[in-house]
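The values are calculated or read from the model by the stated rules, or taken from the named source; none is laboratory data. Every value quoted in this text rests on a predicted model; they were computed, and no experiment measured them. Note that we place each Cβ from the backbone using ideal geometry, even for glycine, and neighbour counts take in every protein chain shown. Surface accessibility is based on the protein's heavy atoms, side chains included, excluding ligands, DNA and RNA. Shrake-Rupley method; radii C 1.70, N 1.55, O 1.52, S 1.80 Å.
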Amino acid sequence: MSQWRELHEGWTLRVVGEAEGVPPEVANATVPATVPGSVHTDLLAAGLIPDPYLDRNEYDLGWIGRADWRYTTSFEWTPDGSDRVDLVCDGLDTVATVSLNGQEIATTQNMHRSYRFDVAGALREGRNELVVTFASAQRYAEQLRDKLGDLPGPNSATPEPFNFIRKMACNFGWDWGPVLVTAGIWKPIRLHSWSGARLARVRPVVDVDLGGDRAVASGGRVRVLADIEYAAPAAGDRAEGGVKSGLTLTASVAGSQAEVEVPAGAAGAELELSVESPRLWWPHGHGEQPLYDLAVELSGAEGSLDGWSRRVGFRQVELDTTPDGPGETGEEQDGSAFTIVVNGVPVFARGANWIPDDCFPSRVDAARYRARLQQSKDAHIDLLRVWGGGLYEQDAFYDAADELGILVWQDFLFACASYPEESPIAEEVEAEARENVARLMPHPSLVLWNGNNENIWAWFDWGWQPKVGDRTWGEGYYLDLLPRVVGETDPSRPYWPGSPYSGSMDRHPNVDEHGCKHVWDVWNQVDYSVYRNYVPRFVAEFGWQGPPTWSTLTRAVHDEPLAADSPGVLSHQKATDGNAKLARGLAPHFPEPGNVEDWHWFTQLNQARALTVGIEHYRSHRGRCMGTVVWQINDCWPVTSWAAVDGDARPKPLWYALRKVYDPRLVTVQPRPEGLTAYLVNEGLTGGGAAGDAGVWEADVSVERRTFSGEVLANWSTSVSVDPAATASVRVPVDVAATTDPSTEYLLVTAGDRRTTWFFAADKDLAYPAPDWDVEVNADGPVTRVTVSARTLVRDLALFADRLDPAASVDDMLVTLLPGESHTFEITGLTRPVDVAEVSGRPVLRCANDTVAAGR
């Protein structure tokens, strides 16, 4: 009794009205349109605009965002006897007027919502014309700003009034993104014919009883909350809403089934399913990710009316913000925890921030989501924070996170600006929040809702208060509306008002002792060694820039000559003074690059070093600090940015560094006031069964002070046992740690099969030997193996497979070899054979040693 019909075919697109700068060839054109899609991608497919991602094309296409656009299609319709026919729009971007057969159906102004309109009265038998007209989002936001009064927030990098429209904020530009203000039908659009009643909303609240088994709960429950909508009566003998008496709600999961009778005309119904010994869902590295099919059906006297199904996982999640106990004097606590607890186990979050993966989000399909999340998991990332200037991502993102065991921290969509709490924004905010909280409830990967990104911090530190005065700025959303929506809609998940936030408006929001912290003086103002000055409870943002891979850079930029400051490269650097900050951050560590290829390598290596310093420091304080969420894992286009994976999906050296530093077992050397100290960090909780001793790390630790030529000057060894979810430390003896020549000596620390190094000076001050190695190349089907045998110390050896073939990738990078050691790199994706000569040196093989040689 319920039928769906997609309306994705036969669309055309044209500009309407007058807008400054529209080229004549566009003004007079009607072009085929792809739905779901966007204006930019349709114009690009029609050959009417150049690729916005290339060179400086972005700046020539600003007229698109200031114009109005009309999508039109026609379809045949034959009445099917249903009580009601709805037009269902899963996503309209953003200020839309919907008309059917010349009759205006509705207007919308929110990209983050779906819409459902009763169109039975507007449909006609035979040919129907559907028109969706999009007004300029830029002009709408400007007009609402002028009506409500300007509010602070957007800075020189993002000058557009994105805070006055419910749309993906980063479409208006960010310090890593272009100004490409989109419009279009960006999600599916369909007709839904139905009779009697339907399931308007289903909310599964999952709970478990934990026992002593890490793999299986002692019991589980799914409380199903269903909202019911009724069609208009179609016959006089029908009860309220066109439904005969006797509606039944039925649900089943994991072999358990329950049903409940729905009183006539009731707006909703509730039932509970009990599951005996469900398998527990865990983040990867802690256990498995079992998922169960939950099916819900609404039926009446005439049979099934509607159905709903999703996969759910059984797990428990809490946010521990317990104050620390008083000190020995009994005085006030010195802080409070900020720890994500899954199934009773405190988790150190090895995380990264996530931004929209494309400026045109309709291009991101399930396969692309899966690939990017697999890259995250392969780097040992177990938490992704979906940042508040982007989107509530499509279901495929959360499906992949469920399957891969990646925790999701979801921001509500507020970022870096003050937001009005007046109409029409306030109503839109509540509607989108209620819809998306309910939509994402089934996903066990979703563990935290966060009110905003940096807005509370900005209220304290960005000079907002005198500009805002007694007007609203968003506080009511973060401290009242949103926690109320989460509590009423999804009581199974924790909510936190902001990132950063210290837990109270009576204390500064960005402190080490409470809540979550952002560290941005590092990068913007000071060297990355300053990461060691902070010991936050949880670091939700910190990062360092680096350019994209060479193939991505040169695909997007065609400057002649190419240089770090050539026009195309600078147009793909959106951070304020970004290149100057790259240079300032490079200076303490590496010589000044002499050419663009050295600039590219030095800054990429420096980016990897910066995050390695920060993460190793924070992980060494595990227990006090319980999470690091780097900015950022991905990019939305080719750009110099903080990302580990660039806009063409290629991993940068930073990605390989994250894979090493986020390894469940980490050995690191840290400078402490009492001297150099080696830390062994063990996240080794094993999946399935009781933890027992399976995750204990028993390691023989060896510390050697060596010369670059390989001579061992001093050594010391001990044995260490590190429990799961714990850290052990050993102080390096003074006679081993005390260097006689910091330019030619280093520490080599080995713990079982893990090792690390500690150099006593910056790279620019080290007397690195000129790198010397032998190279062998062996092709084996789709894999080409390159073995590098070092004759000298070789630090941070990198093989850039894309310099051989843009389609190629390599399995490893940033490998340090001692004299006499070898390492084999595996290259996949080559479309041609390669020989030793082209692999043996620059630009394919680079290392830290040659930064000094280049500087000299």
**Asked** Of all the accessible heavy-atom surface of the chain, with the other protein chains kept in place and a 1.4 Å probe, what percent is carbon and sulfur?
**Response** 47
**Message:** How high is the relative contact order of the chain? Use alpha-carbon pairs under 8 Å, at least six apart in sequence, and give a whole percent.
**Reply:** 9
**Prompt:** Nearest-5 percent of antiparallel DSSP beta bridges in the chain?
**Reply:** 85
**Fill in**
Ignoring ligands and nucleic acids, TRP655 exposes an accessible area, probe 1.4 Å, in Å² to the nearest 10, of 20
**Asked** When every alpha-carbon pair in the chain is counted, what percent end up more than 44 Å apart?
**Response** 34
**Inter-label distance for ASP700 and SER719, nm, one decimal - labels placed 7 Å from Cα along Cα-to-Cβ** = 1.0
**Complete:** Computed from the beta carbon distance with a Förster radius of 56 Å, FRET efficiency for ASP772 and TYR59 to the nearest 0.05 stands at 0.75
**Gain in span if fully extended, THR831 to ASP320, counting 0.36 nm per residue against the direct Cα distance** = 178.8 nm
**Message:** Modelling each spin label as a point 7 Å along the Cα-to-Cβ direction, I'd like the ASP577/THR740 distance in nm, to one decimal.
**Reply:** 4.4
**Request:** Enter the accessible area of LYS764 (Å², nearest 10), with the probe set to 1.4 Å and all protein chains included.
**Result:** 80
**Full-extension gain in nm, ARG842 to GLU592, via 0.36 nm per residue minus C-alpha separation** = 88.2 nm
**Message:** Take ARG139 and ARG584, extend 7 Å from each Cα along the Cα→Cβ direction, and tell me the distance between the two endpoints in nm.
**Reply:** 4.1
**Complete:** Cross-link reach from LYS581 to aspartates and glutamates, straight Cα distance under 14 Å and at least 8 residues apart if same chain, gives ASP175, ASP521, ASP527, ASP565, GLU592
**Message:** With a cut-off of 8 Å between alpha carbons and a minimum separation of six or more residues, what is the relative contact order of the stretch 57-112 in percent?
**Reply:** 23
**Item:** Sites SER729 and ARG507 - FRET efficiency at Förster radius 35 Å, r taken between beta-carbons, to 0.05
**Value:** 0.70
**Prompt:** What is the antiparallel percent of DSSP beta bridges lying wholly in the stretch 266-421, to the nearest 5?
**Reply:** 65
**Prompt:** With every protein chain kept in the model, how would you rank ASP663, ASP399 by accessible area, 1.4 Å probe, largest at the top?
**Reply:** ASP399, ASP663
**Complete:** Along principal axes, largest first, the alpha-carbon spread of the stretch 734-823 in whole Å comes out as 51, 31, 21
**Request:** Figure the gain on full extension for GLU259 and ALA301 (residue separation times 0.36 nm, minus the Cα-Cα span) and round it to one decimal in nm.
**Result:** 13.6 nm
**Message:** Counting other C-beta atoms within 10 Å, and keeping those with at most 14, which DSSP coil GluC sites (Glu not before Pro) do you find in the stretch 698-739?
**Reply:** GLU711
